[in-house]
Amino acid sequence: MLSTGALRAHLLAARLAGPVATSRETSLRSYRLFAARDPRVMLGLAPERAWGEGDLLRLMADRCGVSADPAHVSGPDAIDPDRTVAALDAFAERLALVAERRAPVLLGTGHPHRLLGFYAGLADALSAAGCPVLTPAQGRCVDITTRFGVRTYHLDYVRGVALVREPGGRPTGGETGAHTHSPLPVRLALQDAAERLGVLPELVIGDHGWVCGAGQLGIEAIGPADTDDPALFVGEAEGRVSVVVPVDDGVRAPFYRPLTRYVLNRACLSQ
């Protein structure tokens, strides 16, 4: 079992927390765009209140541990590892509750190159515990606006985890899918789950638009988020996202394996 101290040390050594690769400039730019309600950073969330740049900076300082000083405008941003550990504990509690009920779950990622293994380990454990791991709308098309214009993607599943691919983009070696912030894939998946399967997940586990898109529709959602993803933390503050784990979402995929082991141990789901 990975102890809390060992996990904290890993978070710092892998730069999942502490000084992270996400720059302060990138984070502040996201806060400005969110305050302006730019859809590129809203991730499908429609906030109930106005969030100014100062409000967002204070929120992110409280939830992530970034500097609350508005004069700090450059260099690496930071995540408090103790906040990450506490959020992982809360994340594990949600997993334990859904496993106890053997409730249906949906997992999806907009960061397949980094986080697919993290979610796949959770999907395997939840399935073994008796939770139906839903895979609705597999193969369906979804049009997503990107910086290159509108592109058509296909919804696919790998080890029970949803992701999107460009047409013809089956894995050929290291390819796992496309990076996206869009909430459209989770909306498509939830619509198909309700209409064709006749069941909705009790819990959505994911990142970016998967969490905010589900939470906005009233489905309980949990997942990780970086310092430049204020939408998830706003969703948590407003009660539409249950748990957000502050963590760098762009490090090498193997560095997330200890996080999977930790939350499964805490949830009593280790196999």
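Kindly sort 157, 262 by accessible area of their heavy atoms, largest first, with the probe set to 1.4 Å.
Values: 157 25, 262 5 Å².
Reading off the accessible areas and sorting them downward yields 157, 262.
Can you run phi through the Karplus equation (6.51, -1.76, 1.60; θ = phi - 60°) for region 74-86 and list ³J(HN,Hα) in whole Hz, with x for Gly and Pro?
8, x, x, 8, 9, 10, 6, x, 5, 5, 5, 4, 4
Could you look at the chain and say what percent of its accessible area is carbon and sulfur, using a 1.4 Å probe and all protein chains?
Details: 5830 of 11340 Å².
Answer for the chain is 51 percent, counting heavy atoms of protein chains only.
Roughly how big is region 1-270's charge dipole about its Cα centre, with Cβ charges of +1 (Lys, Arg) and -1 (Asp, Glu), in debye to the nearest 20? Provide the component values of the computation, followed by the final result.
Working: 28 positive and 30 negative charges, 109 e Å.
Roughly 520 debye, rounded to the nearest 20.
What number comes out for accessible area per residue over the chain if the probe is 1.4 Å? Units Å², please. Working shown, then result.
Details: 11340 Å² over 271 residues.
Computed with neighbouring chains in place, this is 42 Å² per residue.
So how far, in whole Å, is the C-alpha centre of region 192-206 from the one of region 95-119?
A separation of 13 Å, based on Cα centres.
Magnitude of the Cβ-charge dipole of region 1-115, K/R +1 and D/E -1, about the Cα centre, nearest 20 debye? Let's see the in-between values first.
Numbers: 15 positive and 13 negative charges, 68 e Å.
The dipole magnitude comes to about 320 debye.
For labels at residue 197 and residue 102 in the simple 7 Å Cα→Cβ model, what's the distance in nm?
1.7 nm
The values are calculated or read from the model by the stated rules, or taken from the named source; none is laboratory data. Remember, it's a predicted structure, so these values are computed and weren't measured experimentally. Cβ: placed from backbone, ideal geometry, glycine included. Neighbour counts: every protein chain shown. Accessible surface is based on the protein model in full, side chains and every heavy atom, while ligands, DNA and RNA are left aside. Shrake-Rupley method; radii C 1.70, N 1.55, O 1.52, S 1.80 Å.
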